[in-house]
Amino acid sequence: MADLRELQQLLLDIDDQLATCMRCGMCQAVCPIYAETGREPLVARGKIALLEHLGHDMLRDVDGVKDRLETCLLCGACAANCPSGVKVLDIFIKARAAINTFKGLSPIQKLIFRGMLVHPDRFNALASLGSKFQDLFVKPASEMLGSSCSRIPLEALGGRHFPALAKRPLHADVPRLDTPAGTSGIRVAFFPGCLVDKLFPRVGHAVIKVLKHHGVGIFLPDHQACCGIPALSSGDLRSFNDLLDKNLGCFGRGEFDYLVTPCATCTATIKKFWPVFADSADAGRQAAVAAIAAKTLDINVFLTDILKVRPEGLSSHGRRKVTIHDPCHLKRSFGIAAQPRMVARLNPEVALVEMKDADVCCGCGGSFTLLHYDIAAKLGQHKRDHIVATGADTVATGCPACMLQITDMLSRSGDRVAVRHPVELYAEALE
């Protein structure tokens, strides 16, 4: 009965939000999926037309509806360019949740979300075990990019090149921090995110180094959980709220002025999706979520807008050519583009060169790349071509998921272009 009430409420919420769509088609002009496939039903307008009869269509062809909704990067280009202000991502996530409530999770989703992700210590232990035995299954692909590939052909991997699990995740080197504000007078909570912790711990170390350099106190609680976006984007609201509760428990233990993260996706999830999709039954919990969301900042924004750190001189005289990829969850969600460039330029060796379509999606889209690697790879190849055309020796981006996708594309093409986070470039200048 509870599931039926939840499904009814989701369908009512979707109906209320659909009314604002004028069917103008502006979404079509900016949709990366449409640009690659030419399929109108995959555009936001096409999906919204489908959702007008969601209850009926779920009964008739739930798998078909599910497939069409999941053929979406959740990049936010449609929402950012919508003249009516339709909250497209909210609608799509609620629709996925409605389908999940009606159809149920697949066994693999239950295993990943409810068996592993909502148990941070178990997740960490499994990742640590995987790092010890991964050499049996993967081999180096590009030493420069630090990428690997499967030793045996596996259809599930689709020929991907990917960073191996870190031998030492960030939480192993820095289990927790609780330092007072220094010369800056500011103390922040640090949310590294799963990919930084387990694949790119060097980014986490760079953040800590930069914060300490500027006299910022750091509260890094142990037992942090995933921000919840994998579960949320799959429509699993139960796991999402379980993860949210675990993180509220962690960060509720400390006092801080801001919560900073080097992950664009975590920034968007905490700042935008936590308040919208948190179970609102408990007013105190809702207030706690809103308070943390209001304090959350991307690390690039914190450095430039709060600490007022500024580069010296122009960006064209350095010896290291760097181009910037704008993650969807920074540029589309918050209009953040100047700040990552400014942080990269804090390294005096950096000379910025702009790529074509720097703010067009790289094709990752989280689980999208697992479900639709053919489309993801085509979009990623366009991004790779634009990067290489600049002649840059490094591409920097503020999203670890984008780092994964771009690493895959560059490694498979044999390119010698390093992939870095802007804060890494700044941290190198402090050595």
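Since every read-out is calculated from the coordinates, none of them should be taken as a lab result. Model, not experiment: these values are computed from the prediction. So basically every Cβ, Gly included, is an ideal-geometry build from the backbone, and we count neighbours across all protein chains shown.
What's the angle, to the nearest 10 degrees (0 to 90), between helix 283-295's Cα axis and the longest principal axis of the chain? Result, in degrees: 40.
Relative to the longest principal axis of the Cα atoms of the chain, helix 237-251 runs at roughly 30 degrees. Classification of the stretch 173-306 by its C-alpha gyration tensor yields a prolate form. The axis ratio a/c (a ≥ b ≥ c) is 1.5 or more, and a/b outweighs b/c.
Rounded to the nearest 10 degrees, the inclination of helix 201-213 to the longest alpha-carbon principal axis of the chain is 60 degrees.
Calculate the length of the line joining the C-alpha centroid of the stretch 92-133 to that of the stretch 192-238, in whole Å. Using only Cα atoms to place each centre, the spacing works out to 18 Å.
Tell me the trypsin sites (Lys or Arg not before Pro) within the stretch 209-285 that lie in a loop according to DSSP and have at most 14 other beta-carbon atoms within 10 Å. Qualifying residues, ordered by number: ARG253. In a DSSP loop and with at most 12 other Cβ atoms within 10 Å, the trypsin sites (Lys or Arg not before Pro) in the stretch 119-204 are ARG151, LYS167. Going from the fewest other Cβ atoms within 10 Å to the most, the residues CYS250, CYS31, CYS263, CYS24 appear in the order CYS24, CYS250, CYS31, CYS263. Reported to the nearest whole Å, the Cα centre-to-centre distance from the stretch 259-275 to the stretch 301-350 is 19.
Between the amide H of ASP359 and those of ASP326, distances stay under 5 Å, these residues lying 5 or more places away or on another chain, with hydrogens modeled in the peptide plane.
So what is the 222 nm mean residue ellipticity for the chain from helices alone, if each DSSP H run of at least 4 adds -39500 (n - 2.57) and you divide by all residues, rounding to the nearest 500 deg cm²/dmol?
On the way: 22 runs with 207 residues, N = 431.
When only DSSP H runs of four or more count, the value is -14000 deg cm²/dmol.
For ALA181, what charge total do you get from the other residues with a beta carbon under 13 Å from its beta carbon, if Lys and Arg give +1 and Asp and Glu give -1? Around ALA181, the surrounding residues sum to -1.
Contact order normalised by length for the stretch 370-431, with contacts defined as Cα pairs under 8 Å and 6 or more residues apart; what percent is it? Don't skip to the answer; put the middle values down first.
Numbers: 43 pairs, mean separation 22.0, N = 62.
The value is 36 percent.
Highest GNM mean-square fluctuation among VAL301, VAL138, VAL43, for the chain modelled with Cα contacts below 10 Å: VAL138. Note on ALA338 and ASP305: the model spin-label points, each 7 Å out from Cα along the C-beta direction, lie 1.1 nm apart. Footprinting exposure proxy ranking of THR267, THR37, fewest other C-beta atoms within 10 angstrom first, gives THR37, THR267.
Of the GluC sites (Glu not before Pro) in the stretch 59-164, the ones in a loop by DSSP (not H, G, I, E or B) with at most 15 other beta carbons within 10 Å are GLU143, GLU155. Of the residues THR261, LEU430, PHE190, the one whose Cα sits farthest toward the positive end of the charge dipole of the chain, with +1 on the Cβ of Lys and Arg and -1 on the Cβ of Asp and Glu, is LEU430.
Using a simple charge model, +1 on the beta-carbon of Lys and Arg, -1 on the beta-carbon of Asp and Glu, nothing else, what dipole does the stretch 119-232 show about its Cα centre, in debye to the nearest 20? Please list the in-between numbers first.
Details: 13 positive and 8 negative charges, 35 e Å.
For this selection, approximately 160 debye.
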